[in-house]
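K.L.:
Have a look at the structure that comes next, please.
The values are calculated or read from the model by the stated rules, or taken from the named source; none is laboratory data. Values in this document were obtained by computation on a predicted structure and should not be read as measured data. Ideal geometry is used to build each Cβ from the backbone, glycine not excepted, and the neighbour counts take in all protein chains shown.
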Amino acid sequence: MITITEIEAIPVRLDIRPLSEPLGIAPYVTTYTEFYDMERVLIRLDTDSDITGWGEMRSTLSTDSTKAIIETDIADKLIDEPVSAVESLPERFDSFQYFDIDPFLGGVEMAMWDAWGQYLEQPLYNLLGGKVRETVDVSFCLGVLEPAESREHARTALEHGFDVLKTKAGRDWRQDVKRIVAMHDEVDGQLEFRLDPNEGWTTEEAVRVAASLEDEGIYLQYLEQPLRIDNFGSFKRLRERLRTPIAANEDMYFRHNLLELVKRDAIDAGVIDMVPAGGLQAAKRLASIADDAGISLSHHCAFDLGIKSAALAHLVATTPAINLPPDSVYYAWDEHIIEEPFDLSDGTLPIPEAPGLGITVDESNVEKYRIDR
């Protein structure tokens, strides 16, 4: 039996390709900040069988804090334990009642699945129930830009085979409407659009944006998390006032919120993320709830690198309930931490066929970009 011998958290920082370059998106502007680069935490899980599993996460804590939690609180419970215990991982941390351990477990669980699949010589999709699709269509993501500049990038997305474009919302909802109208006009309606204010609007602003777009004959694929989390009643009232589908994202990061939104009949779609959910199994449980409720699902992107993008491919390939293209910005990386980077230039993410996650980590690049030396 293969057992865990060491768990290491490795923070890295990579630059995002600038807007001036093909498929570049930096600075990626949102309502609260702008990104030129992104920090991620890679998780290396070594075993007594000379097999190494890899996971990946983004943390809202400092990288030092994230590293400490993974290498102490989590590692202390998993060293010398079998990798096959991946399915019982959450139960081992039931005592963490006053701290949200799920995002850290999400990254570690990914590494356990990778190692377990390598040991069994099976691609992860076989361990998750088998493929229901051969490739994964993804959504192009774009930050806040002026309408004229947004037009150019919408055209680029269409020319590269993307069918859906997600854009962040800014601080002026009128400008958001102008940008969507401009992009819709540029591609002659051949792209679907998602608009994401990151909880930044009031109900009145959300109504004005969606109604203004509806008046222009533009119906978003969905309006993503326009209101703050735990605001179930307002979501329900917003959905009742609009024809535009309403989606929740940040609400999906907290246990039972999806179930509560379903009970209130408050959303049309959900945007889940396997890492804050607690892992691939937790993401599948959310998918089951959504499927039973008839709610469509997509998957969030937090500037994922190749490890999590591989996990995403396996998750979506084996989960029919994730019926909308997941978000991705993978096309915007110039440098990579896997030896054979994915090519998303045609708007699709391939599903790796090698055992485990199906990728080989480029450890020299990991050392090049790590930030904890």
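K.L.:
State all residues of the range 109-155 that are among the hydrophobic types (A, V, I, L, M, F, W, C), loosely packed, with under 15 Cβ neighbours inside 10 Å and assigned to a helix (DSSP H, G or I); if no residue qualifies, say none.
P.N.:
Matches in the range 109-155: ALA148 only.
K.L.:
Moving to a separate point now. Name every residue in the range 156-200 that is within 17 Å of ASN249 (Cβ to Cβ) and at pLDDT below 95, in order of residue number.
P.N.:
GLY200, the sole residue that qualifies.
K.L.:
Here's another thing I want to ask about it. For the range 275-292, name all the residues that are assigned to a helix (DSSP H, G or I), of a type outside the set (D, E, K, R) and closer than 24 Å to SER84 by Cβ.
P.N.:
Residues satisfying the conditions are VAL275, ALA277, LEU280, GLN281, ALA282, ALA283, LEU286, ALA287, SER288.
K.L.:
Based on what the data block shows, is PRO22 within 22 Å of PHE342 (Cα to Cα), in contact with a helix residue (DSSP H, G or I) (Cβ under 9 Å, 6 or more places away or on another chain) and either acidic (Asp, Glu) or surrounded by 13 or more Cβ atoms within 10 Å (Cβ to Cβ) (or both)?
P.N.:
Criteria not met by PRO22.
K.L.:
I'm told LYS263 meets every condition in (1) touching a strand residue (DSSP E or B) at 6+ places or on another chain (Cβ under 6 Å); (2) more than 30 Å from ASN365 (Cα to Cα); (3) not acidic (Asp, Glu) except one. Can you identify the failing condition by its number?
P.N.:
Of (1) touching a strand residue (DSSP E or B) at 6+ places or on another chain (Cβ under 6 Å); (2) more than 30 Å from ASN365 (Cα to Cα); (3) not acidic (Asp, Glu), only one is false for LYS263: (1).
K.L.:
Please find, within the range 28-80, the residue that is farthest from ARG171 (Cα to Cα) out of those that are among the polar types (S, T, N, Q) and surrounded by 14 or more Cβ atoms within 10 Å (Cβ to Cβ).
P.N.:
SER49
K.L.:
When only residues in the range 266-298 that are polar (S, T, N, Q) and out of contact with any strand residue (DSSP E or B) (no Cβ under 8 Å at 6 or more places or on another chain) count, which is surrounded by the most Cβ atoms within 10 Å (Cβ to Cβ)?
P.N.:
Restricting to residues being polar (S, T, N, Q) and out of contact with any strand residue (DSSP E or B) (no Cβ under 8 Å at 6 or more places or on another chain), the top hit is GLN281.
K.L.:
Let me ask something else about it. Kindly list the number of the only condition in (1) under 26 Å from TYR253 (Cα atoms); (2) of a type in the set (D, E, K, R); (3) out of contact with any His (no Cβ under 8 Å at 6 or more places or on another chain) that fails for ASP327.
P.N.:
It fails just one condition, (3).
K.L.:
Anything in the range 14-66 that is farther than 14 Å from PHE303 by Cα and polar (S, T, N, Q)? List them, or say none.
P.N.:
The answer is SER20, THR31, THR33, THR47, SER49, THR52, SER62, THR63, SER65, THR66.
K.L.:
Additional query: Residues of the range 1-40 being of a type in the set (Val, Ile, Thr) and in a loop (DSSP other than H, G, I, E, B), which ones?
P.N.:
ILE2, ILE25, THR30, THR31, THR33, listed by residue number.
K.L.:
Please name all residue pairs, on different chains or six or more residues apart, with Cβ atoms under 7 Å, provided the first residue is in the range 44-65 and is outside the structural domain of ALA313 (by TED's automatic domain parsing) and under 19 Å from ASP372 (Cα atoms) and the second residue is part of a loop (DSSP other than H, G, I, E, B) and β-branched (Val, Ile, Thr).
P.N.:
Final answer for the pair search is THR63/ILE371.
K.L.:
With (1) out of contact with any Phe, Trp or Tyr (no Cβ under 8 Å at 6 or more places or on another chain); (2) touching a residue at least 40 places away in the same chain (Cβ under 8 Å) as the list, and ASN323 as the residue in question, which single condition is left unmet?
P.N.:
Only one criterion in (1) out of contact with any Phe, Trp or Tyr (no Cβ under 8 Å at 6 or more places or on another chain); (2) touching a residue at least 40 places away in the same chain (Cβ under 8 Å) is unmet by ASN323, namely (2).
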